[in-house]
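The values are calculated or read from the model by the stated rules, or taken from the named source; none is laboratory data. It should be emphasised that the depicted structure is a prediction, and the values quoted were computed from it without experimental measurement. Every residue, glycine as well, gets a Cβ built from its backbone with ideal geometry; the counts of neighbours run over all protein chains shown. These accessible areas exclude ligands, DNA and RNA; they are computed on the full protein's heavy atoms, side chains included. Shrake-Rupley method; radii C 1.70, N 1.55, O 1.52, S 1.80 Å.
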Amino acid sequence: MDCLFCKIIAGEIPSTKVYEDENVFCFKDIAPIAPVHYLIVPKEHISGADMINGENSHYIAKIFEAAAKIAKNEGIESFRIINNCGDDAGQTVKHIHFHLVAGVKMGWGPESLGKTE
Ligand code: 5GP
Ligand code: ZN
C-alpha cells in the first residue's frame, strides 16, 4: 500500500522515533507547530477516524495509553491531542494519526480552529 505513515512505521522512510510498542508508533512531526509536536499512529493502516469500528477501536485506547507514557517519559505535564479527519479538517495523510503538541501556552476558542474561510 502506498501510504507515507506505513512506510515510516516500516522504516522505509526515515523518521525521528519517540516511542514504539506492538500497537503504536510515535515520531516527531517534520513541520512542528509547537516546541513539542509528535505524531502517534497505529501500526495497522486505518485511513481516518471515520473508519473506527468495533474491530479496530482498541487502537485508539492504545494510542492514548502511549500518549500518557510518552508524556511521562519526556517530562511533559500539559499537552493537547489533535486528530484531523477529512479534507476540510486538514487531514493530509490518510493514515489515522494523533498530533501530540506541548511546550507552549495554548489558546482555546473558535479562533483556534485556524479557519480559512
Ligand atoms: P494532518 O495534516 O494530516 O493532520 O497531519 C499530517 C502531519 O504529517 C503534518 O503535521 C505534517 O507536517 C506531517 N508529515 C508529513 N509528511 C511527513 C514526513 O515525511 N515525516 C514526518 N515526520 N512528518 C510528516
Ligand atoms: Zn498507512
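Against the list (1) farther than 23 Å from D88 by Cβ; (2) more than 11 Å from ligand 1 (Cβ to nearest atom); (3) at pLDDT 95 or above, the condition M1 fails is (3). Within the range 46-64, the set of residues being touching an Asp or Glu at 6+ places or on another chain (Cβ under 9 Å) and not polar (S, T, N, Q) comprises Y59, K62. Counting only residues that are among the β-branched types (V, I, T) and open to solvent by 40 Å² or more (accessible area, probe 1.4 Å), how many does the range 74-93 have? Of the residues in that region, 3 qualify. If you check K43, K69 for being farther than 19 Å from F5 by Cβ and of a type outside the set (V, I, T), only one passes: K69. In summary, L113 fulfils each of the numbered conditions (1) more than 14 Å from ligand 2 (Cβ to nearest atom); (2) surrounded by 12 or more Cβ atoms within 10 Å (Cβ to Cβ) with the single exception of condition (2). Taking the range 94-110 as the range and being exposed (fewer than 10 other Cβ atoms within 10 Å of the Cβ) and of a type in the set (F, W, Y) as the test, only W108 passes. Show the residue pairs that are 6+ apart or on different chains and have beta-carbon atoms under 9 Å apart, the first residue being within the range 26-55 and farther than 19 Å from V101 by Cα, the second being of a type outside the set (G, A, S) and assigned to a strand (DSSP E or B). Note: pairs meeting the criteria are K43/E20; K43/V24; K43/F25. Per the listing V18, V41, the residue uniquely part of a strand (DSSP E or B), of a type in the set (A, V, I, L, M, F, W, C), open to solvent by less than 40 Å² (accessible area, probe 1.4 Å) and within 16 Å of ligand 2 (Cβ to nearest atom) is V41.
Residues are listed down the side, and each one gets a yes or a no for (1) more than 17 Å from T92 (Cα to Cα); (2) touching a helix residue (DSSP H, G or I) at 6+ places or on another chain (Cβ under 7 Å); (3) open to solvent by 70 Å² or more (accessible area, probe 1.4 Å); (4) within 13 Å of ligand 2 (Cβ to nearest atom):
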| position | (1), (2), (3), (4) |
| --- | --- |
| N23 | yes, yes, no, no |
| A31 | no, no, no, no |
| Y59 | yes, no, no, yes |
| K72 | yes, no, yes, no |
